[in-house]
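Structure first, commentary second.
The values are calculated or read from the model by the stated rules, or taken from the named source; none is laboratory data. Here the structure is a predicted model, which means the values were calculated and not measured. Cβ coordinates were reconstructed from backbone atoms using ideal geometry, including for glycine residues, and neighbour counts include every protein chain displayed.
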Amino acid sequence: MENKRAQLTIFVIVAIVIVVGVVLFFTLRSSSIQTVPQNMKPIYDYYLSCLDKTTGEGVSLLGEQGGYIKTPDFVAGSQYRPFSSQLSFFGQPVPYWMYISGNNILKEQVPTKSSMESQLNDYVKNRLNYCDFSDFQKQGYEISVGSGSVKTTINSLNVDLVIDNPVVISFENKSVTIGEHKISHASKLGKFYDYAVKLYNYEKKSMFLEKYAIDVMRLYAPVDGVEISCAPKIFNKPQISQDIQNALADNIGFLKVKGDYYTLNSKQNQYFVSDPGFSSDEDVNFIYSKSFPTKVEIYGDNVANPVGLQQGLGILGFCYVPYHLVYDINFPVLVQFYDNSQIFQFPITVIIDKSQERTAIPGEASVGVSSDVCQYNNQDVLINTYDSELRPVESSISFKCLNSECRIGETKTAGGDASLNAKVPQCVNGFIIANSEGYAEAKYQISTNEESVANVVLAKIYNLSLELKSSQTMDSAIVNFVSDGYQTAVLYPDTKSVALTEGDYNISIYVYKNSSLQIPAQNNRQCVQVPKSGIGALVGATEEQCFDMNIPAQTIDHAVIGGGKSQYYIAESQLKESKKLNINVLTFKTPSSLADVQDNYNSIDGSNLDLEFT
């Protein structure tokens, strides 16, 4: 019995020792954290404010750089895809959350909240001893700041940090050590980030930015249609590109998301509002600038010719001009969530492909959209690029197989050659495409499963002044040069120069003069034989069907008065040794009726052009 009592006594004593130890530990630890002598408190308060300031600097960087303090490695774009991995906004790099890489792959780099916390941890940790205590040291204080660790939590309205590092403050043989520090920095970083991710995922699924851009394209640029006219419709593609960029810059800023941070002046303005699945009580801004990297490619003829003037179509009694242009438009939009003191911004690339929005991608996954062919670059090819005199020409190289075009790289000059050793996809009758400033695009057909060397010759482009000579005064003329692999058009006299390469050209000129020729409205009834319906169609029986043609009145304000067509081989020696191209053009009588207009068009087909290089 006594042994049991002795054992119980020992257990009780051990338990008391443990309890006392634990109490002492937390008491001393608490005192080391919270109990700071009054004369040392200003120093510690200063240190906490210094840490809060450092935290604020890191939070600002996260907001200004799309959730990054240290931005991802920079990836350059290409002449085909002008987007790098970062948007320069007033000199500050802001990583794209979605962009098209130089080799035509859709990439995402959206930060997670945990990655933002980790970056802020490192930012503050590396600056724990950056605080300047010199004013206190002059008063006789000694301050020592040790290294340690940082744990960050990003909340909606604040950023909490727990910092574990020893700070020793000594004065007149007394010292205090504070080992743990807590900071709660007021910030909407978490709230802005949550809004940004929701808006980004909404854009990925709904492509509201692409839809809005297509509306702008159709409103400010010619896409498709028919005009009642006997004169060609001329498209100035560089000007159309500028018009699109101007329109985007003027209109993107009107976009809004559902929320209470704005007031609509009219119900029509509801068009500009999108519902991303949340209601924003913070300011949201959408920015596009013409200084941002932008790609606008326009597919279609520069000149749409009228229908109704050709031989055999005189029965129409009127002219019309059908046209169809297709657009590739890529541009970045910078999205900002902000208040009076804080901002969170991220850029995203808007992609219009062949006048349609890109294919939607899942809301949470990172998915590439590169061609399947381009994923298998497994054939070695040596590519050399030269001019016509076999001098090296550094060029951008791509490879086309079927409908897929892959970005390959650049040829570089070394040892007298401009060369590139590269891997390309295996392909029968593919094309190596070379582009260089001042030269026409060159294509080299190659079966990469059999050939391993490609010598590509690029034709130099020469600029000559242009003069058209005729017996009548002309108001305008359209000059077309078309050869195998190169073509250009000139609207004369607005443009009095032409850029040409060596080649065998089909040249056509249409000369116009201002006119006020009136063609009255016509109401004609036309009848045609059509197959009978029912069983009669099986034996070829037909019946007459008639319909009325109501043709509106029209005015021909540009009547054709001359022109011609010729085939002409232009040698590089002629281009190199000449500064000017003179073309003599035949002219005809000024038309006074639609029949005269049609006669003049027919005369152009039988008239030759006289070219003179000087």
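Residues checked against (1) part of a strand (DSSP E or B); (2) of a type outside the set (Val, Ile, Thr); (3) out of contact with any His (no Cβ under 8 Å at 6 or more places or on another chain); (4) at pLDDT below 90:
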residue	(1), (2), (3), (4)
Ile315	no, no, yes, yes
Val321	yes, no, yes, yes
Asn330	yes, yes, yes, no
Val333	yes, no, yes, no
Gln336	yes, yes, yes, no
Asn340	no, yes, yes, no
Phe346	yes, yes, yes, no
Thr349	yes, no, yes, no
Ala365	no, yes, yes, yes
The residue that is surrounded by the most Cβ atoms within 10 Å (Cβ to Cβ), considering only those in region 192-249 that are in contact with a Lys or Arg (Cβ under 8 Å, 6 or more places away or on another chain) and free of Cβ contacts under 8 Å to residues at least 60 places away in the same chain, is Ala249
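Go through Ser452, Ser483, Ser497 for me and flag whichever is assigned by TED's automatic domain parsing to the domain that holds Asp380, over 31 Å from the mean Cα position of the chain (by Cα) and not β-branched (Val, Ile, Thr).
Working: Ser483 fails: assigned by TED's automatic domain parsing to the domain that holds Asp380; Ser497 fails: assigned by TED's automatic domain parsing to the domain that holds Asp380.
Unique residue meeting the criteria: Ser452.
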Counted residues in region 128-152 being modelled with pLDDT of 95 or more and surrounded by fewer than 18 Cβ atoms within 10 Å (Cβ to Cβ) come to 1
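From the list Asn480, Asn506, which residue is part of a strand (DSSP E or B) and surrounded by 16 or more Cβ atoms within 10 Å (Cβ to Cβ)?
Details: Asn506 fails: surrounded by 16 or more Cβ atoms within 10 Å (Cβ to Cβ).
So the residue among Asn480, Asn506 that is part of a strand (DSSP E or B) and surrounded by 16 or more Cβ atoms within 10 Å (Cβ to Cβ) is Asn480.
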Residue pairs within 6 Å by beta carbon, gap of at least six or interchain, first lying in region 292-319 and more than 24 Å from Gln598 (Cβ to Cβ), second modelled with pLDDT under 85, listed first then second, are Pro293/Pro82; Pro293/Phe83; Lys295/Pro82
Those residues of region 112-127 which are free of Cβ contacts under 8 Å to residues at least 60 places away in the same chain and either outside any helix (DSSP H, G or I) or within 31 Å of the chain's Cα centre (by Cα) (or both) amount to Thr112, Ser114, Ser115, Glu117, Ser118, Asn126
Scanning region 265-292 for residues that are assigned to a loop (DSSP other than H, G, I, E, B) and modelled with pLDDT of 90 or more gives Asp275, Pro276, Gly277, Phe278, Ser279, Asp281, Glu282, Tyr288, Ser289, Lys290, Ser291, Phe292
By residue number, the members of region 490-502 that are surrounded by fewer than 18 Cβ atoms within 10 Å (Cβ to Cβ) and farther than 20 Å from Lys576 by Cα are Leu491, Pro493, Asp494, Thr495
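Results for (1) within 15 Å of Asn384 (Cα to Cα); (2) out of contact with any Cys (no Cβ under 7 Å at 6 or more places or on another chain); (3) buried (at least 20 other Cβ atoms within 10 Å of the Cβ); (4) modelled with pLDDT under 90, shown as yes or no for each residue.
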position: Lys400; (1), (2), (3), (4): no, yes, no, yes
position: Ser404; (1), (2), (3), (4): no, no, no, yes
position: Thr411; (1), (2), (3), (4): yes, yes, yes, no
position: Gln426; (1), (2), (3), (4): no, yes, no, yes
position: Ala434; (1), (2), (3), (4): yes, yes, yes, no
position: Lys443; (1), (2), (3), (4): yes, yes, no, no
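Conditions tested, residue by residue: (1) touching a Phe, Trp or Tyr at 6+ places or on another chain (Cβ under 7 Å); (2) in the same structural domain as Lys290 (by TED's automatic domain parsing); (3) closer than 26 Å to Pro111 by Cβ.
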{"position": "Lys205", "(1), (2), (3)": "no, yes, yes"}
{"position": "Ile214", "(1), (2), (3)": "no, yes, no"}
{"position": "Val223", "(1), (2), (3)": "no, yes, no"}
{"position": "Asn236", "(1), (2), (3)": "no, yes, no"}
{"position": "Ile240", "(1), (2), (3)": "no, yes, no"}
{"position": "Asp250", "(1), (2), (3)": "no, yes, no"}
{"position": "Lys256", "(1), (2), (3)": "yes, yes, yes"}
{"position": "Tyr262", "(1), (2), (3)": "no, yes, no"}
{"position": "Asn265", "(1), (2), (3)": "no, yes, no"}
Note on region 445-466: residues closer than 30 Å to Ile583 by Cα, loosely packed, with under 15 Cβ neighbours inside 10 Å and not hydroxyl-bearing (Ser, Thr, Tyr) are Asn463
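Which one of these is in contact with a strand residue (DSSP E or B) (Cβ under 9 Å, 6 or more places away or on another chain), modelled with pLDDT of 90 or more and within 22 Å of Ser603 (Cβ to Cβ): Leu468, Leu491? It would help to see each step written out before you state the result.
Values: Leu491 fails: modelled with pLDDT of 90 or more.
None of the others qualify; the one that does is Leu468.
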Counting only strands (runs of 3 or more DSSP E) wholly inside region 396-439, the ones holding at least 3 residues that are touching a Gly at 6+ places or on another chain (Cβ under 7 Å) are 396-401
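Anything in region 167-191 that is surrounded by 18 or more Cβ atoms within 10 Å (Cβ to Cβ) and over 25 Å from Asn155 (Cα atoms)? List them, or say none. Explain how you work it out, then say what you get.
Going through region 167-191, the residues surrounded by 18 or more Cβ atoms within 10 Å (Cβ to Cβ) turn out to be 167, 169, 176, 178, 181, 183, 185, 187-191.
If the condition is that a residue be surrounded by 18 or more Cβ atoms within 10 Å (Cβ to Cβ) and over 25 Å from Asn155 (Cα atoms), then Val167, Ile169, Val176, Ile178 are the ones that fit.
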When every residue in region 210-248 that is more than 17 Å from the chain's Cα centre (by Cα) and of a type in the set (S, T, N, Q) is compared, the one farthest from Asp475 (Cα to Cα) is Gln239
Residue count, region 87-112, condition buried (at least 16 other Cβ atoms within 10 Å of the Cβ) and over 17 Å from Glu64 (Cβ atoms), comes to 11
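Do any strands (runs of 3 or more DSSP E) entirely within region 1-111 hold 2 or more residues that are of a type outside the set (A, V, I, L, M) and either modelled with pLDDT under 60 or under 46 Å from the mean Cα position of the chain (by Cα) (or both), and if so, which? Working first, answer last.
On the way: elements: 86-89, 92-95, 98-100, 106-108.
The strands (runs of 3 or more DSSP E) meeting that bar are 86-89, 92-95, 106-108.
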Would you confirm, using the coordinates I've provided, whether Glu394 is touching a Lys or Arg at 6+ places or on another chain (Cβ under 7 Å), in the same structural domain as Glu437 (by TED's automatic domain parsing) and surrounded by fewer than 19 Cβ atoms within 10 Å (Cβ to Cβ)? yes
